[in-house]
1. Sorted from largest down, what three extents in whole angstroms do the Cα atoms of region 313-363 have along their principal axes?
2. Once the Cα atoms of helix 352-363 and of the chain are each reduced to a long axis, what angle between those two axes, in degrees from 0 to 90 to the nearest 10, is obtained?
3. Given R₀ = 56 Å, FRET efficiency for residue 197-residue 45 by Cβ-Cβ distance, to 0.05?
4. Beyond 18 Å, what share of the Cα-Cα pairs of region 71-145 remains, rounded to the nearest whole percent?
5. List 44, 191, 162 from most exposed to least, where exposure is judged by having the fewest other Cβ atoms within 10 Å.
6. Could you state the angle between the C-alpha long axis of helix 8-19 and the longest principal axis of the C-alpha atoms of the chain, as a value from 0 to 90 degrees rounded to the nearest 10?
7. P(r) for region 275-327: what percent of alpha-carbon pairs falls in each 10 Å bin, starting at zero?
8. Calculate for the chain the 222 nm mean residue ellipticity that helices alone would give, adding -39,500 (n - 2.57) per DSSP H run of length 4 or more and normalising by residue count, nearest 500 deg cm²/dmol.
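What follows is calculated from the coordinates using simple rules that are stated; it is not laboratory data. Computed from a predicted structure; not experimentally measured. Virtual Cβ from ideal backbone geometry, glycine too; neighbours counted across all protein chains shown.
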Ligand SMILES: [Zn+2]
């Protein structure tokens, strides 16, 4: 949006890469790949554009945390088979990296599937996840509704309603807990180092065992995550039930910044999965209920007045237009988001600068 030096083809190429996971992965990992046919013959500086994608990814996503231990992976049909062992117990045999060597896993039931399976390993327990096909419900609604991901709320709608007003409370609580927890862990790490330097390995080991336990930490974290997830789901359901949308207009949540007063490292960890989760659940529930959803260019939707189109001042939950007065900032934004759907000039990839010019020219005449 911001880079006005990019041509329409450049933008198209970047968007294409971003929406194709495999290609995006190749770009980020410097793996060579064939440029899609549709871009052949266009005047594109692929190397420059790929570097740009990498740079922007680093800038906006931050450092992506990685674990050395992968605890989940998918396997396609053909890479596993079911069989009983010689004592008549049910097993699944999963292909491994070694040729002809399959890894046997004992099953608790005799169900057999012929689908891509997701294997998860948590605390030495192997779980097999099987995707189910769900039929969409019929939708006879008429409403087209704009939504905004709020500053403190889960959703604000162009009808003037708010959903999930406690989301921020749950998140703040968890961020505080994580901050405290990290402080404690750092203290124990220091203590452990001290014991090791003194040669007191027994005390050092005790600290590792009792105070730096990953299991308890993970259990608490999971418990919190489940609470947040169920809260998000409950409120999306509430939104669908009360607003009865036929179509929902929204901004792509990938681009939304969340504002917290907590350390960057902590909030990044939290907000990344939360944003991804909200996006996934919205899309899932919209598909399930046959609700169309449309993404729009969100540039300046939180900065202009939804009544007169002039630029106003946003202060936390409140938006003030010099001419029209005060309105809830997120509701104002969701009204603008809905309007963007019908905007003849501002398209998905219109640059920020251009959007600003257009918006300013519209209000230049009214004084
Ligand atoms: Zn106004």
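1. On the principal axes, region 313-363 reaches 28, 19, 16 Å in Cα extent.
2. So the inclination is approximately 30 degrees.
3. Details: r = 55 Å, r/R0 = 0.98.
E(calc), rounded to 0.05, equals 0.55.
4. 51 percent
5. Details: 44 17, 191 14, 162 20.
Fewest-to-most ranking of 44, 191, 162: 191, 44, 162.
6. 30 degrees
7. P(r) over region 275-327, rounded to whole percents: 22, 31, 27, 20, 1.
8. On the way: 9 runs with 157 residues, N = 367.
-14500 deg cm²/dmol, from helical runs alone.
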